[in-house]
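The values are calculated or read from the model by the stated rules, or taken from the named source; none is laboratory data. Just so it is clear, the model here is predicted, and its values are computed rather than measured. Backbone-built Cβ (ideal geometry, glycine too); neighbour counts: all protein chains shown.
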Protein chains: 2
Amino acid sequence: MPLYAAIADEIQDRIRLGRYTPGQKIPSIRSMAVEFGCNKLTVQKAFERLKRHGYLENIVGSGSYVRFSEKIGDAHPLYDFKTAYVSEAFFPYIQARDIFTDLFDREKSRALAPTPVAGDPDLLRVLGAHYRVPTKRMLIISGAQQGLDLTAKVFSANISEASLFEDPTYPGAISLFRPKHFVSLDGDGPDLGALDRSLTRRIKLFYTMPTVHNPTGIAYSLEKKESIARRAEKAPFYIVEDDYLSEYQDRPIPRFVDMIPQKTIYIKSLSPTTVPDIRLGFMVVPDGLYDKFLYAKYTSDIVSTGLLQKFVKAFIQSGGYDDYIHDIRDRIGRRKERLLGLLGACKDLVVPEPQQGYSLWVESRRSLDLAHVPWTPGEEFSFSPQYRSWFRIAFMNMDDAAFDKGLDHLRSLFARGSRPPKAG
Amino acid sequence: MPLYAAIADEIQDRIRLGRYTPGQKIPSIRSMAVEFGCNKLTVQKAFERLKRHGYLENIVGSGSYVRFSEKIGDAHPLYDFKTAYVSEAFFPYIQARDIFTDLFDREKSRALAPTPVAGDPDLLRVLGAHYRVPTKRMLIISGAQQGLDLTAKVFSANISEASLFEDPTYPGAISLFRPKHFVSLDGDGPDLGALDRSLTRRIKLFYTMPTVHNPTGIAYSLEKKESIARRAEKAPFYIVEDDYLSEYQDRPIPRFVDMIPQKTIYIKSLSPTTVPDIRLGFMVVPDGLYDKFLYAKYTSDIVSTGLLQKFVKAFIQSGGYDDYIHDIRDRIGRRKERLLGLLGACKDLVVPEPQQGYSLWVESRRSLDLAHVPWTPGEEFSFSPQYRSWFRIAFMNMDDAAFDKGLDHLRSLFARGSRPPKAG
């Protein structure tokens with residue numbers, strides 16, 4: 001192996017092991033040349049190889065940085081414990097059909113009439129009542145990801161330096177914000193000491209999933225929420241509250257949007273409670289930011305399709321929405337029990353409890369030597385080396401038949417990993 | 001009036017008259033103080049007033065700049081000649097209802113199955129055949145505005161300086177790109193001399209609506225397109241081809257995406273050929289940019305709702321799409337004739353011909369002294385003072401009854417404007 005390739009491998013290892021993390025500036029060519037005892041041209045060749053392979057990127061006039069990966073989570077393995085969605089197989093599609101038919105019969109071509117940028121006024125009203133949030137600071141978005149995208153647009157200046165994220169966190173938010181600051185999580189929310197240390201920086205946004213955290217499944221305690229709200233009251237940062245799966249949590253507690261609405265950007269996806277294909281959600285933002293968010297929405301895609309908004313409104317009003325949530329909550333409970341039983345029987349796996357939502361965050365105390373895994377590895381949620389031995393098993397994206405076989409598949413994978421291969 | 005207010009008024013006038021344009025840095029406080037013969041504190045007070053009222057903005061460490069307006073075109077006057085959409089009243093909603101019903105009956109819950117980020121493979125295939133574009137570099141987007149938004153994301157670095165726009169142009173694109181460079185248009189496309197002068201700058205994107213230009217209604221000639229394609233072949237810029245309303249143009253000619261696909265980012269809205277509420281469109285991008293666009297789409301809103309994609313696919317396959325386009329083309333022809341007759345009878349109005357599409361770009365040779373106008377004033381499409389006397393009349397967003405009354409309303413507005421008020 002030529003020297004430049006060996007140096008490239010070493011740098012790649014340091015990235016893999018988290019010594020250099022995405023967004024971080026790596027040492028200069030000059031200092032690397034000193035470290036490796038070679039000339040600068042060799043280091044430059046190594047850097048160029050790493051750029052070609054997407055590990056590094058140049059920022060003109062500044063230096064070389066570790067790149068954020070640009071990966072799309074679109075793989076669908078046979079037994080899919082990766083995708084954190086509820087299978088559309090459970091959705092009452094006959095009711096969906098009837099709602100659409102009825103919409104056209106009743107409203108005729110008006111079913112397809114233009115909708116205001118902020119959203120269908122009837123849907124805003126219905127959601128405001130259902131979720132106990134003020135309608136006048138709400139807007140309908142094309143899913144929670146768009147809520148994050150609009151936030152990234154409104155706070156565009158220097159957002160990477162100005163954002164504080166949980167560690168681990170949702171990869172779709174990392175892709176947008178490319179955050180440089182993270183706070184570690186205990187079982188009831190962030191470590192407050194670490195939070196305070198982070199807040200000495202010029203943080204403008206704290207992105208959090210306090211209700212059902214993805215991927216850890218923890219819920220923030222009321223005490224932690226109150227401490228964070230007190231900090232937000234005094235400090236110049238907003239809380240971006242991604243209210244993920246609150247409908248499926250065990251015991252609801254007050255949200256940030258209830259406690260400190262003037263400093264909370266609240267984002268709610270409607271996909272987990274309707275169907276993943278319906279790309280809708282809503283936001284509630286502080287008064288002073290509302291116009292900026294509305295404008296960001298308008299320049300992004302004008303408005304979210306009104307026909308789908310009318311569908312969701314009718315679905316909620318019919319009672320079908322609550323029935324569906326109830327049904328899915330039961331299914332989550334039954335599947336989680338079976339999965340916890342299976343994982344509990346594998347002696348090298350640790351599953352912290354309690355966990356909310358429809359995935360489980362699992363630590364493996366030994367390395368599983370498997371070429372393909374049907375779950376999501378921990379490194380997709382974190383740049384910290386400590387999470388390399390963790391993974392997330394999402395368990396609602398298969399229908400019942402696939403889930404049954406999927407459990408057998410998991411059992412055999414863990415069994416294969418646990419016994420060292422013996423002759424015969 | 002205090003001196004600082006008079007200075008603020010003067011600067012506001014200069015912005016209104018196009019002496020200072022959006023994105024432009026205005027002279028420093030020091031030099032303005034010299035110009036107005038006052039102290040710097042007075043000028044600073046004027047600047048602060050203009051910032052409060054949204055005319056100026058500060059860029060830290062650089063100075064004061066004219067702000068881009070953040071206006072949402074969401075007003076719906078009684079007789080709406082502003083909105084450049086086709087009224088949903090013309091859409092075959094019964095066929096729409098039947099397509100949705102059939103989708104659920106045939107595909108059951110799979111009608112709501114997740115869709116790949118790039119779009120429903122069947123819709124991509126059907127669109128590829130219908131629009132004669134390669135499927136493998138296509139992606140489905142949530143409307144043309146999202147196509148522009150993704151382009152702005154992919155070319156984010158320094159986009160304002162690196163974009164060249166037509167003058168006048170579509171305001172929704174100005175909002176996103178905040179371009180600083182413009183090229184004026186003749187009846188058959190841009191002035192090539194002006195284009196060449198602009199291209200000496202570091203232009204990376206040339207945004208154009210060459211088929212049916214908004215707002216002027218011109219179509220580029222084949223010769224102009226060929227000259228521009230030859231320039232794009234050698235220079236480092238991409239053509240962003242917004243293929244607006246080609247279905248309703250008189251005589252189709254080759255598109256940039258046909259002539260120079262490796263340098264063309266092609267954007268096609270499907271709203272004008274289905275219904276404005278259906279927020280769908282597609283893009284065809286050069287090979288080397290495809291992954292970047294796909295990733296930008298994923299981080300923006302994951303994917304456009306698959307159910308709507310299936311609807312459009314079925315609508316095209318049923319033949320309903322072509323029938324609808326045929327019907328709207330006839331309606332456009334009849335309305336345009338009536339409107340041209342009306343405008344031709346007003347002696348101070350000039351309507352350049354021919355104009356494609358479903359709006360007319362009109363010059364008024366005298367100032368119309370009207371408090372409220374039902375059309376879109378020229379300054380929304382241009383920062384150039386010469387277009388202050390122009391306006392765009394879009395004529396397909398009303399149903400037939402409203403359009404008839406709308407014509408009467410226009411007639412009375414122009415009549416009121418033309419005669420100086422006399423006693424009695």
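Could you list, in sequence order, the residues of the range A:201-237 that are without any contact (Cβ under 8 Å) to a residue 60 or more places away in the chain, assigned to a loop (DSSP other than H, G, I, E, B) and closer than 21 Å to A:Pro352 by Cα?
Result: A:Met209, A:Pro210, A:Tyr220, A:Ser221.
Give the residue, chosen from A:Ser69, A:Ser156, A:Ser142, A:Ser160, that is more than 9 Å from chain B (Cβ to nearest Cβ), farther than 30 Å from A:Val373 by Cβ and in contact (Cβ under 8 Å) with a residue 24 or more places away in the chain.
Criteria check complete, one pass: A:Ser160.
Take the conditions within 23 Å of A:Thr305 (Cβ to Cβ), at pLDDT below 95 and touching an Asp or Glu at 6+ places or on another chain (Cβ under 9 Å) and apply them to A:Leu148. Does it pass?
So A:Leu148 fails the test.
Test each condition in (1) hydrophobic (A, V, I, L, M, F, W, C); (2) within 14 Å of another protein chain (Cβ to nearest Cβ); (3) in a helix (DSSP H, G or I) for B:Met396 and report the one that comes out false.
(3)
I'm checking my understanding of the structure. Among residues of the range B:125-166 that are of a type in the set (Gly, Ala, Ser) and part of a loop (DSSP other than H, G, I, E, B), which one is surrounded by the most Cβ atoms within 10 Å (Cβ to Cβ)?
Ranking the candidates gives B:Ser142 first.
Can you tell me which residue is surrounded by the most Cβ atoms within 10 Å (Cβ to Cβ) among those in the range A:167-184 that are assigned to a loop (DSSP other than H, G, I, E, B) and within 10 Å of the chain's Cα centre (by Cα)?
So, considering only residues that are assigned to a loop (DSSP other than H, G, I, E, B) and within 10 Å of the chain's Cα centre (by Cα), the one surrounded by the most Cβ atoms within 10 Å (Cβ to Cβ) is A:Pro168.
For the range B:101-121, which positions are surrounded by 20 or more Cβ atoms within 10 Å (Cβ to Cβ) and either touching a Cys at 6+ places or on another chain (Cβ under 8 Å) or more than 7 Å from chain A (Cβ to nearest Cβ) (or both)?
Within the range B:101-121, B:Leu103, B:Ala118, B:Gly119, B:Asp120 qualify.
What do you reckon, is B:Leu245 surrounded by 15 or more Cβ atoms within 10 Å (Cβ to Cβ) and over 30 Å from B:Ile325 (Cα atoms)?
no
Only one of B:Gly357, B:Gly406, B:Gly378 is surrounded by 14 or more Cβ atoms within 10 Å (Cβ to Cβ) and on the phi > 0 side of the Ramachandran plot. Can you tell me which?
It is B:Gly357.
Are any of the residues in the range B:384-406 in contact with a Gly (Cβ under 6 Å, 6 or more places away or on another chain), over 24 Å from B:Pro168 (Cα atoms) and not basic (Lys, Arg)?
Within the range B:384-406, one or more residues are in contact with a Gly (Cβ under 6 Å, 6 or more places away or on another chain), over 24 Å from B:Pro168 (Cα atoms) and not basic (Lys, Arg).
Within the group B:His409, B:His326, B:His372, which residue is farther than 30 Å from B:Ser69 by Cβ and not assigned by TED's automatic domain parsing to the domain that holds B:Pro210?
Within the list B:His409, B:His326, B:His372, the selection yields B:His326.
Among what's in the range B:84-100 and is in a loop (DSSP other than H, G, I, E, B) and more than 8 Å from chain A (Cβ to nearest Cβ), pick the residue that is surrounded by the fewest Cβ atoms within 10 Å (Cβ to Cβ).
B:Pro92
What about A:Tyr238, is it at pLDDT 95 or above, under 15 Å from A:Pro190 (Cβ atoms) and aromatic (Phe, Trp, Tyr)?
So A:Tyr238 fails the test.
Just need a number here: residues in the range B:161-212 that are of a type in the set (Ser, Thr, Tyr) and within 17 Å of B:Lys263 (Cβ to Cβ).
Count: 4.
A quick yes/no check of all residues on (1) more than 18 Å from B:Arg125 (Cβ to Cβ); (2) surrounded by 24 or more Cβ atoms within 10 Å (Cβ to Cβ):
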position	(1), (2)
B:Thr273	no, no
B:Gly281	no, yes
B:Tyr290	no, no
B:Ser300	yes, yes
B:Ser304	no, yes
B:Lys313	no, no
B:Gln317	no, no
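Residues of the range B:78-114 being free of Cβ contacts under 8 Å to residues at least 24 places away in the same chain and either among the polar types (S, T, N, Q) or in contact with a Gly (Cβ under 6 Å, 6 or more places away or on another chain) (or both), which ones?
B:Thr101, B:Ser109
Just wondering, is there one or more residues in the range A:333-356 that are touching a helix residue (DSSP H, G or I) at 6+ places or on another chain (Cβ under 8 Å), outside the structural domain of A:His409 (by TED's automatic domain parsing), among the β-branched types (Val, Ile, Thr) and farther than 21 Å from A:Asp242 by Cα?
No, that holds for no residue.
Within the range B:347-386, can you find the residues that are closer than 16 Å to B:Met209 by Cβ and aromatic (Phe, Trp, Tyr)?
If the condition is that a residue be closer than 16 Å to B:Met209 by Cβ and aromatic (Phe, Trp, Tyr), then B:Tyr358, B:Trp361, B:Phe381 are the ones that fit.
Hey, A:Lys204 hits all of (1) closer than 21 Å to A:Tyr131 by Cβ; (2) surrounded by fewer than 22 Cβ atoms within 10 Å (Cβ to Cβ) but one; which does it fall short on?
The number of the failed condition is (1).
Would you mind listing the helices (runs of 4 or more DSSP H) fully within the range B:253-369 where at least 1 residues are away from chain A (no Cβ under 13 Å) and at pLDDT 95 or above?
Ranges flagged: B:256-259, B:306-317, B:320-344.
Only one of A:Tyr79, A:Tyr55, A:Tyr93 is within 32 Å of the chain's Cα centre (by Cα) and modelled with pLDDT of 90 or more; which?
Of the residues listed, the single one that is within 32 Å of the chain's Cα centre (by Cα) and modelled with pLDDT of 90 or more is A:Tyr93.
Quick one: is A:Ser384 under 19 Å from the mean Cα position of the chain (by Cα), outside the structural domain of A:Thr169 (by TED's automatic domain parsing) and surrounded by fewer than 21 Cβ atoms within 10 Å (Cβ to Cβ)?
yes
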